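The values are calculated or read from the model by the stated rules, or taken from the named source; none is laboratory data. Computed from a predicted model, the values in this text were never measured in an experiment. Cβ coordinates were reconstructed from backbone atoms using ideal geometry, including for glycine residues, and neighbour counts include every protein chain displayed. With ligands, DNA and RNA removed, areas are computed over all heavy atoms of the protein, side chains included. Shrake-Rupley method; radii C 1.70, N 1.55, O 1.52, S 1.80 Å.
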Amino acid sequence: MRMNRPPIGTPVLTVLLTSAMGLSMMHFFLLGALGPRLVESLSLSPTLLGLTTTVSCAVATLVSPLSGRMVDQAGPKRSLVVLMTTAAAALLLIGVAPGPVVLLASVALGGLAQALANPATNKAIAADAPVERRALITSVKQSGVQLAALIVGLPLAWLSAAAGWRAAMWVMAAVAAGAALWVTLALPGDRPEQAPASRTRLLPRGTVVWLLAFSVPLGAGIACVNTYIALFATEKLGLGNTEAAALVAVIGGAGIIGRMACSRAARSPRRTRQLPALLLAGSVAATLLLVFAAQLSPLIWCAAAAIGLCAVSVNAVTMMLVLHHSPPERAGRDSAMVSAGFFAGFALGPPFFGLLATSGDWTAGWLLVASEFTAAALLATTWVLRDHA
């Protein structure tokens, strides 16, 4: 049963959902891009810096199945308001954190916003977007995550250099609070939606299982890159803090281009299914460039761009596939299950990488990331071959 809600203009809906996706992950990119400053200011080790990602994404993983059911019941408007308010609170608390304990508690709160992002935004698309526009809107709104990386790597990095990293957190907390007000005013009210009894299963099936499976190693690899590429650039390659933060902007900018290109390539469900394996193969090659960057430092910029074009585009494709294969009443839950796999990878990847970074073995760390992308590529390829068998 479709909710009886007044329509909202496609451009407004697209901008709103893009903002929601970016704000849900803003704390994650800020911690990665400003990692060198936090390591110095709060006396963090590289391992503890990686633990911030683990805590945030572990919370997102655990909460995602419940958040999907909540979104399906409460509707997209209420869910988006909760998402943006939670993101604002997390950023505010990170900005006042005196040490690791409060920092970790703050990023745990950010994990709640992460858990709501894909279910709430996909639910809004299923409720309000024309079928023929859903692939484009999905790719654009998923680009909000990379737009956040671009903002963090450029203007917020400069603000951090001028006024301190805490000021960057507070500015984005205010933006998130303003976005919550915008959702309240812009979106029409929604009513709870009861799914048919036959569709209330909790465990995923079919396509959703495969998307969840390869999202785990994909998330692990992306999390390691986002968390440690700036620290690698400063400690191993000798780049300055602001220049290193710009690497996150490169990943973000390339990710936007990649996700928009995927929306054009994904003109049918069959073609869309083939994209993850191809993009993941490119991600493996991109990660190997980071291995060689220790000897030829300009390669790090090529690697960052290639990872943005390939690895970070895969998650946008998986969300397109969720909307292709899920009925509207299950859009929140199926999106949440796939997101849970992605966030589980985010939680698992950085701690192992952090141990290698702490020992100074960056080469082994990047090879670990390459193996994670390889595992994801093999799972995606197996799924496609099985689907055509």
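General remarks:
- Surface accessible to a 1.4 Å probe, residue 15 within the full protein complex, Å²: 80 Å²
- For residue 361, net neighbour charge (Lys/Arg +1, Asp/Glu -1) across residues whose Cβ lies under 14 Å away: 0
- The range 237-314: trypsin sites (Lys or Arg not before Pro) falling in loop per DSSP and having at most 16 other Cβ within 10 Å: 267
- Computed over the chain, the percent of Cα pairs more than 27 Å apart is 42.
- Counting only whole DSSP H helices of the chain, the ones at least 24 Å long by C-alpha along their axis and with mean Kyte-Doolittle hydropathy no lower than 0.5 are 46-74, 76-96, 100-128, 134-151, 165-186, 207-235, 241-265, 269-293, 331-358, 362-388.
- Net dipole in debye of the range 80-196 [+1 Lys, Arg Cβ; -1 Asp, Glu Cβ; about Cα centre; nearest 20]: 100 debye
- Peptides 42-51, 158-167 ranked from most to least packed, by the mean per-residue count of other Cβ atoms within 10 Å: 42-51, 158-167.
- Surface analysis of the chain yields an accessible area of 36 Å² per residue, using protein heavy atoms and a 1.4 Å probe.
- The range 1-148 - convex hull of the alpha-carbon atoms, volume per residue in Å³: 101 Å³
- Ordered from longest to shortest, the equivalent ellipsoid semi-axes for the range 233-389 are 30, 17, 15 Å, each the square root of 5 times a Cα gyration tensor eigenvalue.
- For the range 100-151, diffusion coefficient by Stokes-Einstein and Kirkwood Rh (Cα), 25 °C, 0.890 mPa s, µm²/s: 193 µm²/s
- Listed by chain and number, the lysines whose alpha-carbon sits under 26 Å from that of residue 77, ignoring those within fewer than 8 places in the same chain, are 123, 141.
- Calculated [222 nm] ellipticity per residue, helices only, for the chain: -28000 deg cm²/dmol; basis is -39500 (n - 2.57) per DSSP H run with n ≥ 4, divided by all residues, nearest 500.
- Across the range 294-356, Cα-Cα pairs more than 13 Å apart make up 73 percent of the total.
- Here the range 251-321 is treated as an ellipsoid with the same Cα gyration tensor; its semi-axes, largest first and in whole Å, are 25, 11, 7.
- When each of the peptides 308-318, 341-351 is scored by the mean number of other C-beta atoms lying within 10 Å of its residues, the order from highest to lowest reads 308-318, 341-351.
- Gaussian network model of the chain, Cα within-10 Å springs - most flexible of 247, 34, 154: 154
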